[in-house]
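Structure first, commentary second.
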Amino acid sequence: MKKLLFLAVFFGLLSCKNYAQAFKKDLAPNILLIILDDQGYADFAPFKNHDTTADTPNMAKLAATGTVYTEAYTTAPVCSPSRAGMLTGKNQIRWDKNASWGPGLPKNVKTIPEYLKQAGYATARIGKNDLGKNFHKYNVREYPTKHGYDEFLGFSAHAHDYWLLSQEMKDKTPDPNGTSAALGPLMHNDGIKSYSDGYLTDILTNEAVDYIHKSKNKPFYLTLAYNSVHHLIHEVPQKYLDKYNVKPIPNYNPADQEGFEKYKPGTYGAYYDKYSRLGAIQDEDLRKYYLANINCLDDNIGKVLDALKKEGIDKNTLIIFISDNGGTPLNGANNSPLTAGKYSLWEGGIRVPMAISWPGKIEAGKTVDEYVSAMDILPTIVGAAGVPITDATLDGISLMKPPVKDRVLVWKWQKTWAIRIGDWKLTNTDEDHWKSRPSNLYIAPIRNDLSLKLFDVKNDPGERKDLSLVNIKKVKELEAAYQDWCTANIGKY
Ligand SMILES: [Ca+2]
């Protein structure tokens, strides 16, 4: 009798649970946007012919539950403008005509979390913000809680130390904000959160897991923007350094009084700059630090996926995974088979790993080879939340729709520009945007000047064969299309 009672209670609970899950299915989905920093195109396990030295099984697991995009473009080859494009669904050169390092965020441009607030979402950003302006200020449009996020924990600078996260350390440092790379406590809503120990990738993960736990009963939108695998690439927990057989490099210490070029002895700027160029770390070790860093990151992504599963909300969560720009020629990333990397409009700078998972809504195990944009994330997410978009100057197109044939994508970065229509890409990009020679994994471009180059990037993704002299008609057509786009759209947002 007792056994029967037990079984009745057990199946009763089970059906309650099933009912709850069925009910949740009809709710608006939770949305998780995972942004990586400077990941190499080849260092993404879901891609065929990826570099197998990069151990990223959780990225593979995530991608297997959804669709992978082999030709996903960001709107810029560096962090801040790329993030502005992603956050707004618009090409940021609409308001930043000089295509600068810091486009900022105009008041009248609506962001993903601002749309989602209309549908009652809880919104949070954890990790890197970086819209390139007002790095260390709170009461500005660029600060996450001033553009739609209920909560923010992280930093607005372009980089942050992975280990040095305490107020005590900040107080001892003559230039805690470095050259915009920061150390010390994280910004947290209107205040700070200081950590006397811990590793930034782990901390961001733990905070994200706590957020998922506390928000599981309401639709939430979480942007989890890791600073991994950005410089300082060598800052990785010992266990991973051991796995890749590479020695630890001592952390910055103001008492060391080491200078570097224009930086005064004992400054964080001197330490940061020294280790974000090549030379201080040799090529073979550089790749090992990168592999250790990305492997640690992948383990952390696994913890976030586990948390969604544990809370029973994995089936009702839309996850988008993307890197903010290509691998840098200086952090040990592998962009193969793409030419060049971060800081340039070669494919290696703007074509990035991307995957989307939304069980039952987005096809699992599929690969899309048509080109798409990081600007498409906004209409995808906002559409999933059921919020209408009536903005005529939005550039993004929902990924729930079939890719548009011959779509016009343009890029402007400093003195360089590019346009893609169909299989063709025209660009004047050069490659002189970093401070030292690139790593040995770097694929150098066929030319390093501002001349026009035409590529059939569908069949020649590595941009090895310039067709500008054989297809002059196409050069003219694309050049005119680029000018037309700029005339029609720059200044309109
Ligand atoms: Ca970046």
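Observations, loosely collected:
- Lone unmet requirement of (1) part of a loop (DSSP other than H, G, I, E, B); (2) over 15 Å from residue 124 (Cβ atoms) for residue 201: (1)
- Count - residues of the range 329-350 that are under 23 Å from residue 410 (Cβ atoms) and within 14 Å of the ligand (Cβ to nearest atom): 8
- Residues of the range 207-224 that turn out to be surrounded by 16 or more Cβ atoms within 10 Å (Cβ to Cβ) and assigned to a helix (DSSP H, G or I), as a count: 6
- Note on the range 351-363: among residues that are assigned to a strand (DSSP E or B) and either touching a Leu at 6+ places or on another chain (Cβ under 9 Å) or closer than 18 Å to residue 460 by Cα (or both), the one that is nearest to the ligand (Cβ to nearest atom) is 352.
- Applying the condition of being touching a His at 6+ places or on another chain (Cβ under 9 Å) and in a strand (DSSP E or B) to the range 156-198 and asking which residue is modelled with the lowest pLDDT yields 181.
- Exclusive hit being over 18 Å from residue 228 (Cβ atoms), buried (at least 22 other Cβ atoms within 10 Å of the Cβ) and aliphatic (A, V, I, L, M), set 124, 182, 159: 124
- Within the range 364-373, at least one residue is part of a loop (DSSP other than H, G, I, E, B) and over 20 Å from residue 336 (Cα atoms).
- Only one of the listed residues (63, 72) is modelled with pLDDT of 95 or more, out of contact with any helix residue (DSSP H, G or I) (no Cβ under 6 Å at 6 or more places or on another chain) and away from the ligand (no atom under 16 Å from the Cβ). That residue is 63.
- Flag if residue 91 is among the polar types (S, T, N, Q), more than 16 Å from the ligand (Cβ to nearest atom) and surrounded by fewer than 24 Cβ atoms within 10 Å (Cβ to Cβ): no
- Residue check, residue 337 free of Cβ contacts under 8 Å to residues at least 12 places away in the same chain and not hydroxyl-bearing (Ser, Thr, Tyr): no
The values are calculated or read from the model by the stated rules, or taken from the named source; none is laboratory data. The model shown is predicted, which means the values in this text are computed figures rather than measured ones. No Cβ is skipped: glycine too gets one built from the backbone with ideal geometry, and neighbour counts run over all protein chains shown.
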